[in-house]
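Written out below as structure tokens is the structure these notes cover.
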Amino acid sequence: MYAVIATGGKQYRVQEGAVVRIEKLDADQGASVEFNQVLLVGAGSSVTIGAPYVGSAKVVATVESHGKGDKVRIVKFRRRKHYKREGTHRQPYTDVKITQIVA
């Protein structure tokens, strides 16, 4: 069984037992979280598509860890104008393990 969930402005295809890296959640490590915005649920050849969400479906997961992604370098530069700005960014993330898909 698999599902497509929406969280953090993105959509993820998840299965039971999979570890998914999503946008940072405000939950402690080891806590259980529920995703109610389920867009699609599939099991074999039967697929249920929501409009926009599947009504009774939810995905339960546990928080594995938090972290920051790789450093991305940001450069703004205008030639011959004495303008140069440099910065960096590390996007925070949360790893969650999908424990149950309720359809």
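If you go through the stretch 49-77 and keep only what is farther than 19 Å from Ile5 by Cβ and surrounded by fewer than 11 Cβ atoms within 10 Å (Cβ to Cβ), you end up with Asp70, Lys71, Val72, Arg73, Ile74, Val75, Lys76, Phe77. For the stretch 18-42, residues that are small (Gly, Ala, Ser), closer than 10 Å to Val63 by Cα and in contact (Cβ under 8 Å) with a residue 40 or more places away in the chain total 2.
Within the stretch 70-103, the set of residues being within 26 Å of Asn36 (Cβ to Cβ) and not aliphatic (A, V, I, L, M) comprises Gln91, Pro92, Tyr93, Thr94, Asp95, Lys97, Thr99, Gln100. Scanning the stretch 10-48 for residues that are farther than 15 Å from Val96 by Cβ, exposed (fewer than 11 other Cβ atoms within 10 Å of the Cβ) and either basic (Lys, Arg) or at pLDDT 95 or above (or both) gives no hits.
The values are calculated or read from the model by the stated rules, or taken from the named source; none is laboratory data. Every value quoted in this text rests on a predicted model; they were computed, and no experiment measured them. Cβ: placed from backbone, ideal geometry, glycine included. Neighbour counts: every protein chain shown.
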